[in-house]
Amino acid sequence: MIVDRQGRRFRNLRVSLTAACNYACTYCVPDGKRLVAAQDELSADALVRGVAYLVEAAGIERLRITGGEPLVSPRLEGFLAGVAKLGLDDISLTTNGQLLARKLALLQEAGIRRLNVSLDSLDPEAFRRIARGGDLAGVLDGMEQARAAGMAIKVNMVPMRGHNLDQVVPLLDYCLERGFELRFIELMRMGHLARDNNAFLQQFVSLDQLLALIGQRHAFEQAQRPVDATALRYRIPGKGHFGVIANESVPFCRACSRLRLSSTGWLHGCLSSSNRHFVADLFDKPRHQALPALQRLLVRALADKQDVAFSGDVMVMKVIGG
Ligand code: SAM
């Protein structure tokens with residue numbers, strides 16, 4: 001097992017199935033152009049072999065499929081079929097929900113029981129302004145269908161001043177009524193926001209500001225959370241829970257157990273580091289050659305983690321796999 005001086009190790013793997021996305025969210029994509037899939041994205045089989053090797057080499061316990069938008073990828077079906085056979089404790093998926101209704105049966109057949117759906121506003125116009133695409137009604141319909149099918153759903157919202165602060169309470173109420181757990185993600189200094197501090201600071205909403213806003217509507221108390229969880233959790237008695245991933249206000253670097261694999265075969269040990277390690281060539285090698293080489297790279301990827309605080313990076317989230 002590869003462990004660093006702070007006792008951290010990789011337990012959670014996030015695989016970006018594709019960098020392509022049907023949205024171009026303002027906080028994620030600098031120029032508003034929707035990203036297409038890179039020419040050199042790996043096949044579903046190569047990604048599955050890679051996941052299998054990483055599970056063994058790093059001791060991965062949980063897998064999250066992300067992107068880009070994983071549901072737009074033609075590799076989704078093959079990848080799901082492959083990883084379903086790996087015997088992982090937990091496989092979940094992060095999606096913008098636009099194609100959820102269409103892909104739900106496929107996800108269920110592959111044994112996916114947990115979804116994170118990104119949703120920044122319940123106002124159709126604000127929704128489209130932030131996502132620069134998409135259709136709110138389709139997302140809500142997909143979530144309802146997934147709920148009816150018994151999926152556990154967490155909703156990700158990035159609260160931003162000037163964009164969707166008025167949506168914090170409506171979205172929280174919407175989630176509480178339906179048994180979805182809303183997780184607010186503090187805006188991160190990623191991509192263009194790492195270069196433009198003014199733009200970042202103008203939009204950034206801190207944990208304290210967020211809790212003050214919620215406190216005007218609901219009484220809440222802090223709740224227990226797993227040791228390596230990135231989200232602070234709060235209980236609204238009799239109604240449910242919500243979480244806050246407070247990268248800036250309460251950095252969780254000391255407990256981070258995330259490893260990311262991009263769709264083009266690069267390992268990222270930390271979102272706050274431009275360092276990355278090419279591993280796609282190892283996925284074609286036999287196990288006895290691949291594992292020792294992977295372990296050497298995993299040591300380097302683990303050393304990329306920040307010691308204390310999240311500082312962001314110029315890399316674009318959807319390329320790394322958010
Ligand atoms: N397309 C999928 C989705 O929309 O959930 C998966 C990829 S998306 C990059 C994953 C998550 O990253 C989303 O919840 C999105 O809100 C978040 N994200 C992207 N850029 C961000 C930023 N600068 N700050 C905070 N969250 C960000």
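When we screen LEU17, LEU47, LEU86 for residues that are surrounded by fewer than 21 Cβ atoms within 10 Å (Cβ to Cβ) and among the aliphatic types (A, V, I, L, M), the only hit is LEU86. When PHE204 is tested against (1) hydrophobic (A, V, I, L, M, F, W, C); (2) in contact with a Phe, Trp or Tyr (Cβ under 6 Å, 6 or more places away or on another chain); (3) surrounded by 15 or more Cβ atoms within 10 Å (Cβ to Cβ), exactly one condition is not met: (2).
Any residue that is more than 29 Å from LEU13 (Cα to Cα), among the aliphatic types (A, V, I, L, M) and at pLDDT 95 or above - is there at least one of those in the range 216-225? Before the answer, list the steps.
Within the range 216-225, the subset more than 29 Å from LEU13 (Cα to Cα) is 216-221.
Keeping just the survivors that are among the aliphatic types (A, V, I, L, M) gives 219.
Among the residues that remain, those that are also at pLDDT 95 or above are: 219.
Yes, that holds for at least one residue.
Does ALA46 satisfy being without any contact (Cβ under 8 Å) to a residue 12 or more places away in the chain and either at negative phi or in a helix (DSSP H, G or I) (or both)? Before you say what the answer is, go through the steps one by one.
Working: without any contact (Cβ under 8 Å) to a residue 12 or more places away in the chain: no; either at negative phi or in a helix (DSSP H, G or I) (or both): yes.
Criteria not met by ALA46.
Being among the hydrophobic types (A, V, I, L, M, F, W, C) and surrounded by fewer than 18 Cβ atoms within 10 Å (Cβ to Cβ) is the filter; apply it to the range 158-185 and report the residue that is farthest from PHE127 (Cα to Cα).
Within the range 158-185, the first condition is being among the hydrophobic types (A, V, I, L, M, F, W, C), and the residues that meet it are 158, 160, 165, 168-169, 171-172, 175-176, 180, 182, 184-185.
So of that shortlist, the ones also surrounded by fewer than 18 Cβ atoms within 10 Å (Cβ to Cβ) come out as 165, 169.
Working: LEU165: 12, VAL169: 15 Å.
Checked the range 158-185; the qualifying residue farthest from PHE127 (Cα to Cα) is VAL169.
Of all positions in the range 65-74, at least one carries a residue that is touching a helix residue (DSSP H, G or I) at 6+ places or on another chain (Cβ under 6 Å), on the phi > 0 side of the Ramachandran plot and either within 13 Å of the ligand (Cβ to nearest atom) or modelled with pLDDT of 95 or more (or both). For the range 39-62, the set of residues classified as within 14 Å of LEU298 (Cα to Cα) and of a type in the set (Val, Ile, Thr) consists of VAL51, VAL55, ILE60, listed by residue number. From the list LEU291, LEU298, LEU267, exactly one residue is under 17 Å from the mean Cα position of the chain (by Cα), at pLDDT 95 or above and either crowded, with 16+ Cβ neighbours inside 10 Å or closer than 21 Å to LEU13 by Cβ (or both). Which is it? Going through LEU291, LEU298, LEU267 in turn, just one is under 17 Å from the mean Cα position of the chain (by Cα), at pLDDT 95 or above and either crowded, with 16+ Cβ neighbours inside 10 Å or closer than 21 Å to LEU13 by Cβ (or both): LEU267.
When the range 81-94 is filtered for residues that are within 16 Å of the ligand (Cβ to nearest atom) and either over 21 Å from the mean Cα position of the chain (by Cα) or over 19 Å from ASN22 (Cβ atoms) (or both), the ones remaining, listed by number, are ILE91, SER92.
The criterion of being away from the ligand (no atom under 16 Å from the Cβ), closer than 23 Å to TYR174 by Cβ and not basic (Lys, Arg) holds for LEU211.
The values are calculated or read from the model by the stated rules, or taken from the named source; none is laboratory data. None of the values given here were measured: they were computed from a predicted structure. Cβ: placed from backbone, ideal geometry, glycine included. Neighbour counts: every protein chain shown.
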